[in-house]
1. Residues in the range 181-209 that are under 20 Å from Y70 (Cα atoms), of a type in the set (F, W, Y) and at pLDDT below 95: how many?
2. Mind listing whichever residues of the range 47-70 are of a type in the set (A, V, I, L, M, F, W, C), under 18 Å from the mean Cα position of the chain (by Cα) and surrounded by fewer than 17 Cβ atoms within 10 Å (Cβ to Cβ)?
3. Could you identify the single residue in L41, L56, L102, L76 that is closer than 17 Å to E213 by Cα, of a type outside the set (V, I, T), touching a residue at least 40 places away in the same chain (Cβ under 8 Å) and assigned to a loop (DSSP other than H, G, I, E, B)?
4. Quick check on the range 158-180: of everything there that is surrounded by 15 or more Cβ atoms within 10 Å (Cβ to Cβ) and among the polar types (S, T, N, Q), which residue is modelled with the lowest pLDDT?
5. Suppose the filter is out of contact with any strand residue (DSSP E or B) (no Cβ under 6 Å at 6 or more places or on another chain), among the small types (G, A, S) and in a loop (DSSP other than H, G, I, E, B); does S122 pass it?
6. Looking at F147, F193, can you tell me which residue is closer than 24 Å to V93 by Cα and either surrounded by fewer than 18 Cβ atoms within 10 Å (Cβ to Cβ) or touching a residue at least 60 places away in the same chain (Cβ under 8 Å) (or both)?
7. If we scan the range 136-150, do we find a residue that is over 20 Å from S205 (Cα atoms), part of a loop (DSSP other than H, G, I, E, B), modelled with pLDDT of 85 or more and out of contact with any His (no Cβ under 9 Å at 6 or more places or on another chain)?
8. Quick one: S202 ticks every box in (1) part of a strand (DSSP E or B); (2) buried (at least 19 other Cβ atoms within 10 Å of the Cβ) except a single one, so which number is it?
Amino acid sequence: MKKTLRNIFIGVLVIFGILRIFGALRFFQVPSTSNEPNLSLNSRFIGSNLIKPKILDFAYFKFSDSLDSYAFVKRLIALPGDKLECRNGSFFVNDKNIDDSLNLRYSYKISKEFYDDYIKESVEGDESFIVYSISSDSILTFLDDDFVKDLSIEIETYKDINLENISKDILSKTSNWNIYNFGPIVMPINKYFFLGDNRDNSLDSRYRGFVDEENILGTLIVKF
């Protein structure tokens, strides 16, 4: 019996090894906060190139402007032929607001007093939480939609419109477009658009451009 179990275990390891070699299985440890709060910092996932990503799936890929082999993990937002538009920071695909169903993270400019009174106690000890001092009395921080909705005081997202590093795929149409308002764009053949859920702290298709279909390496399937 023990020998049989040992042989089964070895067989499973061999199969996993073969699948991993050919890319059918790939293991990830999330190294950044760019997909918070839905892919937590240091969380672990299994991905597969046997599954083609659908809209809103997390996938791993290489940017089309990159020559290195580093794989990025982001959420698939738009497919070839889709109509893509960004309105005041919210994304619409084929005229549907796809952000409505997601718990996303955005940047907020708030007073230090507000931070101390309403936020500090809830985020202490969270290594994914980032705070930047802007002035003697204000800070920039990143908060989840769910957290902001539960606050007793309404606050607005902070929008820093800097056009220097924005992809030409977005800015090529008209100089009036910016990172928070652009489109509509009809996605070209074999081109895909990816975003991080931490919208104001993610290097994604807004900056690196559309992703070629052949550079999509697989889809995240299991968290462990």
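1. Residues in the range 181-209 being under 20 Å from Y70 (Cα atoms), of a type in the set (F, W, Y) and at pLDDT below 95: 1 in total.
2. Answer for the range 47-70, where residues must be of a type in the set (A, V, I, L, M, F, W, C), under 18 Å from the mean Cα position of the chain (by Cα) and surrounded by fewer than 17 Cβ atoms within 10 Å (Cβ to Cβ): I55, L56.
3. Numbers: L41 fails: closer than 17 Å to E213 by Cα; L102 fails: closer than 17 Å to E213 by Cα; L76 fails: assigned to a loop (DSSP other than H, G, I, E, B).
When all the criteria are applied, what remains is L56.
4. N178
5. For S122, the condition - out of contact with any strand residue (DSSP E or B) (no Cβ under 6 Å at 6 or more places or on another chain), among the small types (G, A, S) and in a loop (DSSP other than H, G, I, E, B) - is not met.
6. Values: F147 fails: closer than 24 Å to V93 by Cα.
Checking each option against the conditions leaves just F193.
7. Checked against the condition, which is being over 20 Å from S205 (Cα atoms), part of a loop (DSSP other than H, G, I, E, B), modelled with pLDDT of 85 or more and out of contact with any His (no Cβ under 9 Å at 6 or more places or on another chain), the range 136-150 yields at least one hit.
8. (1)
The values are calculated or read from the model by the stated rules, or taken from the named source; none is laboratory data. Given the structure is predicted, the values throughout are model-derived calculations rather than measurements. No Cβ is skipped: glycine too gets one built from the backbone with ideal geometry, and neighbour counts run over all protein chains shown.
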